[in-house]
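Data first, discussion second: the structure below is written as structure tokens.
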Amino acid sequence: MGESSCWWRKSVVYEIYVRSFKDSNGDGVGDLNGITEKLDYLQNLGVDVLWLTPIYESPGDDNGYDISDYCSIMKSFGTMKDFEHLLNEAHRRKIKIVMDLVVNHTSDEHSWFVESRKNRDNSYRDYYIWRDGKEGNMPPNNWTSCFLGSAWQYDAQTEQYYLHMFSKKQPDLNWDYEPVRKEVYKMMRWWLDKGIDGFRMDVISLISKDSRMLCEDSNIKGHTVCANGPRVHEYLQEMHREVLSNYDIMTVGETPAVTVREACQYAANQQSELSMVFQFELMDVDGGESGKWNDKKYQLQDVKAVLRKWQEGLYGQAWGSLFWNNHDQPRVVSRFGDTSTKEYWNKSAKMLATALYLLQGTPYIYQGEELGMTNLDFQSIDEFRDIESLNAYQEYVEKEKSISSEDMMRYVRKSSRDNARSPMQWDDSENAGFSAAEPWIGVHSNYQWLNAKQQMEDKDSILHYYQKLIRILRENNIVCDGKFQEFMEDSPALYCYRRFTQEGEIVVCCNFTKEEQAWDERVVPEGADILIGNYEKHQRGVMNAYEAIVYQR
């Protein structure tokens, strides 16, 4: 096949959280056949690529990101035959499928780890990172897991600790050990030979640990302590040589704590590693990454500064990705928009899509975003399913008693990963048309008026706006290739920029507030036409509540 043709630069990706998308067999859990049922909906939406969260065999400690068998399908999701049917039906509609690749760690029930923990001389021992404890049988160092607590788990059978940057049931693989890398590449080729179209690589920037640090304390918390390690680029270049360069695919690396400079290595235009990366600075403007359990509100200037830095820093050097939310983040319209009234909800959801997706990079739309789905309305901690949220509640409310139950409930309603994981709202029937049985996690009570069926019939819906915007994203060369220039950088209310090439330019202006704002439309070139907007009529020089307007010349 040879090198990638870069088709992903003009593609729109739709992320599917399989467990919550569509249940086809009435067990309350989404599945592969449910996705196949909804391919016509996705085709009509206009997306080009489906990214599936992990569908492999897993005990489900971290909702599938703890894999026990890379080459088997989780039974609750279906069979390999079901997957092959989905792949064929998607390809028939010219929709590509990208799989989630989770190779920083496995489940502790994976056969490699089962062997590794048997004894210190086992041939699989070096597949994972084992260390002696400190004096008094304390952990080798003070590293913390991303899910709180120590990143080291003591194993009495062999009297050593193993490293886990996430759950204790997710031991980290030892990428310094060549047989591990060979096993991973073999598995990747197995899936690519089935015909899949690429990989989203989970926390791929964590795979190279600095062995000198493994027994040293650090004041850096969580995964950042081993992000962008000493051999990560060496390993990804090897992966590219051994696997990726032989297929016409797209790859996106989840790279926590990445800088612009490092992203230009991971996703350089020369493509010796990955097609693009996910960076999370935008997700931290309200403390969502560095400390999510709070009441902090974002400031638009902070949002704009992050977008500006990455648009200017990657241009001509590397390719980026654009996303407001995913399976780990709260719903965009609840986080950055306004759900206080149906009018503000409708307008702000459309405005947010316009503001971000007309920048340079591959857009990632998270399931339900195109409907303006909102954060959940949970009343009790017992309704949550996310290990991170439950651990945080236990740690801060019950153990430390440093946060009151009332405050913590407010924080998890704002920031929990479960906000993104409620069932897709298909129609106003019971369980939002997601399942005939009680879903594995609660459905939002607003499904009776906020659902796909209703929006398909309403020409002013968020769904119809996304369909129109996606057509522009796929077909407009200025959106793909144009240079970025921002206006009104200091405005706390308006986000305005232009994208331009020798062919022409587009000018985007978005009001992030419910107050009317004045703006100088002299930045719009003579003879420009309105390309898209979320109001029927635009009053020159004035931006209405949550208005978005795009001009093209």
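Please treat every number below as a calculation from the coordinates, not as lab data. The structure presented is a predicted model; accordingly, all values stated were derived computationally and were not measured. Counting neighbours? That spans all protein chains shown, and the Cβs are built from the backbone with ideal geometry, glycine included.
Worth a mention:
- Helix 232-242 axis, angle to the chain major axis (alpha carbon atoms, nearest 10°): 90
- Pairs exceeding a 23 Å alpha-carbon distance, out of 81/186; 414/483; 81/168; 182/209: 414/483; 81/168.
- The chain - mean residue ellipticity at 222 nm from DSSP helices (-39,500 (n - 2.57) per run, n ≥ 4, rounded to 500): -7500 deg cm²/dmol
- Shown for the chain: cysteine residues without a partner Cβ closer than 4.7 Å, namely 6, 71, 146, 215, 226, 264, 480, 510.
- Sorted by Cβ neighbour density within 10 Å, fewest at the top, the residues 79, 36: 79, 36
- Rel. contact order, % - alpha carbon contacts under 8 angstrom, at least six apart, the stretch 340-424: 31
- The chain: proportion of alpha-carbon pairs further apart than 43 angstrom, %: 16
- The chain - percent relative contact order, Cα under 8 Å, separation 6 or more: 14
- Extending 7 Å from Cα along the Cβ direction at residue 92 and again at residue 518 yields two label points whose distance is 5.9 nm.
- Rounded tilt (10° steps) of 80-92 against the dominant C-alpha axis of the chain: 30
- Normalised contact order of the stretch 264-372, rounded percent, pairs of Cα under 8 Å and 6 or more residues apart: 25
- Ranked from largest, the principal axis spans of the Cα set of the stretch 82-151 equal 61, 29, 15 Å.
- By the count of other C-beta atoms within 10 Å, a proxy for reagent exposure, 206, 214, 50, 192 are ordered fewest to most as 214, 192, 50, 206.
- Cut-off 13 Å between beta-carbons: net charge of the residues surrounding residue 404, Lys and Arg +1, Asp and Glu -1: -3
- Listing 498, 131 from fewest to most neighbouring C-beta atoms within 10 Å gives 131, 498.
- For residue 547, the residues whose amide H sits under 5 Å from its own are 511, ignoring neighbours fewer than 5 places away on the same chain, with H placed 1.01 Å from N.
- Shape category assigned to the stretch 323-432 from the gyration tensor of Cα positions, a/c cut at 1.5: prolate
- Computed on the Cα trace of the stretch 371-493, the radius of gyration divided by the Kirkwood hydrodynamic radius gives Rg/Rh = 1.11.
- Distance histogram for the stretch 417-553 (every C-alpha pair counted, 10 angstrom bins, percent rounded to whole numbers): 11, 31, 28, 20, 10, 1
- The chain: antiparallel DSSP beta bridges as a percent of all, rounded to 5: 60
- Rounded to the nearest 10 degrees, the inclination of helix 178-194 to the longest alpha-carbon principal axis of the chain is 50 degrees.
- Loop-located GluC sites (Glu not before Pro) in the stretch 32-138 (DSSP state other than H, G, I, E, B) with a sparse environment of at most 15 neighbouring Cβ atoms within 10 Å: 135.
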